[in-house]
Amino acid sequence: MGKVRDYSKLGQDILREVGGQDNLVNYSRCATRLRLVLKEMPENAVENVKRLTGVITVVLSGGQFQVVIGTHVSDVYDALAAHVDSGKMAVGQPKKRVLDEVIATMSAVFAPIIYILAAAGILQGLLILAKLFWPAFAAMGTFTVLNFISWTPFAFLPVFIGLTAARHFKCNEFIALLCCCALINPDWAAIAAQIAGGETITFLQLPLAKTVYTSSVLPPLFLVWMLSYVDRWVSRKLPEVVSPLFTPLICVVVMVPFTLILIGPLTSGLATTIATAYNWLSETAPALAAAIIGGIWQVIVIFGVHWGVTPVVVANFDMYGRDSFQAFQTMAVLGQMAAAFAVALRTRQKSFRTVALSAGVTGIFGITEPAIYGVTLRLKTPFICGCIAGAVGAVVTSFFGSYYYAYAGLPGILTIVNAISPENPMSFMGEVTGAGVTIALTFVLVWLVGFKEPQEQATSSTRTGSEPSGVADTAASS
């Protein structure tokens, strides 16, 4: 099939195979996947969806029916949404584990904004390079403007989270935005500074904490979660004639102070504690932390639960202005990217070489799922080789004390410039060295270990779920 694909038909076909909108409880997407919550699992749904041209694979994880599409997932999502009448969707949530709920929430909240954060991170990386090679640029107005632009999505991160969380928890988006904007109001920052200076300020005799919420993740997320219950309860209790006015009034008056007094300090403390625990491990045994992240990160990606680490990474940047997790995570990404390219060079099948090359190119931009599902995991040994090399490369990186000094939404070869720091010149050197070791070791391992050639696919009409259905087209069009 060519690069132009009928996404409307694909969206319809996926909806039909999972039982239609009557069986669909909720749906969302991340960077490469449709994430469907189904009331019941139709017989043969996994196999049938896998066979659809344009679908890479299907993963059942986190209580979700995850359809891996690749870089065109937004087109398929829009097509599916066009065929769904929310009023006819299944009512009620299937019983899920708490961990599944957490992962599904993290995915729904962060996936829609990941490219915004990634774009800002790339801009920060370019500015780091500009300062390195042209120090005078840092004193120019152009640099000042571009710099504050690059930090904007992080300064207003609670607002972005408020919007996506409101959509996930199905509450009024504008009330959620109002509450989250209040958290980052400069007046609150001034009040928090007074409290930090020793002054006691109370609300209804309850003391306020000194927590500042710029760049925070968990406080706005928990705020909107609680708001969803308050919003629905107040809307039901108020007469219809006054509800549009008094529902937002009551919600903001209740939820903002409640967050400042209780939700904010508790959830900020939770994120800080988790980040501190990770940092303790990375500082006490950096090689061990690096080996774990570099070695198993792509395994975590397979199960679609990788969004759960985002609050930890953001907390690190907020507290310290740097993060080692993404420095190690980059090596795991490079391992799968390099494995796809190594397979492309070693395979004897021209058609599969195209698939592997396309998947490798997609990996350059930090998206490894086409490489994993279409190439490395399918052949098994290249996936393992990439994981081993990622672990070794991350360990090498840890010896140099490497960190990322700018957030990378999609860590990969293009974001290693985020490791540049005048105060820590060895950081970038370590990232480059680790990247070189990861890529070289992956190629060597794949060449030595080898892999069993995949079966030649007869025609596009006979593709099955075990074949690279749509992988080449999906990756190439990126």
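The values are calculated or read from the model by the stated rules, or taken from the named source; none is laboratory data. Worth saying up front: this structure is predicted, and the values here are computed from it rather than measured. Cβ placement follows ideal geometry from the backbone for every residue including glycine, while neighbour counts extend to all protein chains displayed.
Just a few scattered comments:
- Test result for Phe222, among the aromatic types (Phe, Trp, Tyr), in contact (Cβ under 8 Å) with a residue 60 or more places away in the chain and part of a helix (DSSP H, G or I): no
- Any hit, region 439-453, residues being surrounded by fewer than 20 Cβ atoms within 10 Å (Cβ to Cβ), free of Cβ contacts under 8 Å to residues at least 24 places away in the same chain and not in a helix (DSSP H, G or I): no
- Some residue of region 421-429 being of a type in the set (Asp, Glu) and touching a residue at least 40 places away in the same chain (Cβ under 8 Å): no
- Residue list for region 299-348, filter: buried (at least 18 other Cβ atoms within 10 Å of the Cβ) and free of Cβ contacts under 8 Å to residues at least 12 places away in the same chain: His306
Conditions tested, residue by residue: (1) assigned to a helix (DSSP H, G or I); (2) over 13 Å from Ile113 (Cα atoms); (3) touching a residue at least 40 places away in the same chain (Cβ under 8 Å); (4) not aliphatic (A, V, I, L, M).
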site: Ala130; (1), (2), (3), (4): yes, yes, no, no
site: Thr142; (1), (2), (3), (4): yes, yes, no, yes
site: Phe154; (1), (2), (3), (4): yes, no, yes, yes
site: Pro158; (1), (2), (3), (4): yes, no, yes, yes
site: Thr164; (1), (2), (3), (4): yes, no, yes, yes
site: His168; (1), (2), (3), (4): yes, yes, yes, yes
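- All of Thr259, Thr273 fail the test of being part of a helix (DSSP H, G or I), within 29 Å of Trp151 (Cβ to Cβ), without any contact (Cβ under 8 Å) to a residue 12 or more places away in the chain and not acidic (Asp, Glu), apart from Thr273.
- Considering region 157-205, and only residues there that are loosely packed, with under 13 Cβ neighbours inside 10 Å and within 26 Å of the chain's Cα centre (by Cα), the residue that is farthest from Tyr229 (Cα to Cα) turns out to be Phe174.
- Summed over region 103-152, residues that are at pLDDT 85 or above, hydroxyl-bearing (Ser, Thr, Tyr) and crowded, with 16+ Cβ neighbours inside 10 Å total 1.
- The residue that is nearest to the chain's Cα centre (by Cα), among those in region 274-315 that are of a type in the set (Gly, Ala, Ser) and closer than 15 Å to Leu334 by Cα, is Gly294.
- Condition met for Ala371 (over 21 Å from Ile296 (Cβ atoms), modelled with pLDDT under 90 and buried (at least 17 other Cβ atoms within 10 Å of the Cβ)): no
- Taken over region 229-271, the criterion of being surrounded by 19 or more Cβ atoms within 10 Å (Cβ to Cβ) and polar (S, T, N, Q) is satisfied by Thr247, Thr259, Thr267, Ser268.
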